[in-house]
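All remarks here apply to the structure that follows.
The values are calculated or read from the model by the stated rules, or taken from the named source; none is laboratory data. Worth saying up front: this structure is predicted, and the values here are computed from it rather than measured. A quick note on method: Cβ atoms are made from the backbone with ideal geometry, for glycine too, and the neighbour counts reach across all protein chains shown.
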């Protein structure tokens, strides 16, 4: 079973990277469809780019639950760890290197995204491998709260740096 989980995790990382990359463009490809914008990056803010991790992880989490998660007592806690590690890594590394260089570089941003997806998947695997049971209800609540935050902050973002589009200076879908 652990070998299957490792294989699924590797495939999941690839799927997250591909889906996340596509979600970077789907809002514009859809002629800025409001529904598509809820799940895609609607601008170049860091917050909107975190959607590129969260939603693909959520999709692979649902598939993984069907595949092996029902029999894994800490499955949903591992998914929360995965999401949080991926997103926190992205924010810390992005703002650190951007602060040092005074600018951001597209290639480095892409590399951070890929590393965040892989690191999150490794964390997920290690939590599952550890096998320690957890409160899955709390984990599901965390995932739902994040879901609601992503949807809400697309149309009603706080006026903070994390949510500001560095290109236009605007916030959320109204940029």
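Things to note:
- Scanning the stretch 1-31 for residues that are free of Cβ contacts under 8 Å to residues at least 40 places away in the same chain and outside any helix (DSSP H, G or I) turns up 24, 25, 30, 31.
- Failed criterion for residue 131 (all others in (1) within 25 Å of residue 165 (Cβ to Cβ); (2) out of contact with any helix residue (DSSP H, G or I) (no Cβ under 9 Å at 6 or more places or on another chain) hold): (1)
- Any hit, the stretch 86-103, residues being at pLDDT below 95, in a helix (DSSP H, G or I), surrounded by 13 or more Cβ atoms within 10 Å (Cβ to Cβ) and touching a helix residue (DSSP H, G or I) at 6+ places or on another chain (Cβ under 6 Å): no
- Filtering the stretch 117-175 to residues that are farther than 25 Å from residue 98 by Cα, outside any helix (DSSP H, G or I) and touching a residue at least 24 places away in the same chain (Cβ under 8 Å) leaves 131, 132, 133, 134, 135.
- When residue 49 is tested against (1) under 23 Å from residue 152 (Cβ atoms); (2) touching a helix residue (DSSP H, G or I) at 6+ places or on another chain (Cβ under 6 Å), just one condition goes unmet, and that condition is (2).
- Failed item, numbered, when residue 108 is tested on (1) under 19 Å from the mean Cα position of the chain (by Cα); (2) without any contact (Cβ under 8 Å) to a residue 24 or more places away in the chain; (3) not in a helix (DSSP H, G or I): (3)
- The stretch 129-150, residues that are modelled with pLDDT of 95 or more and surrounded by 13 or more Cβ atoms within 10 Å (Cβ to Cβ): 139, 140, 141, 142, 143, 146, 147, 149, 150
- Some residue of the stretch 47-68 being over 16 Å from the mean Cα position of the chain (by Cα) and over 19 Å from residue 147 (Cβ atoms): yes
- Being surrounded by 16 or more Cβ atoms within 10 Å (Cβ to Cβ), modelled with pLDDT of 95 or more and more than 30 Å from residue 68 (Cα to Cα) holds for only one residue in 163, 113, and it is 163.
- Checking 70, 79 one by one, the residue that is farther than 15 Å from residue 16 by Cα and either free of Cβ contacts under 8 Å to residues at least 12 places away in the same chain or crowded, with 22+ Cβ neighbours inside 10 Å (or both) is 70 and no other.
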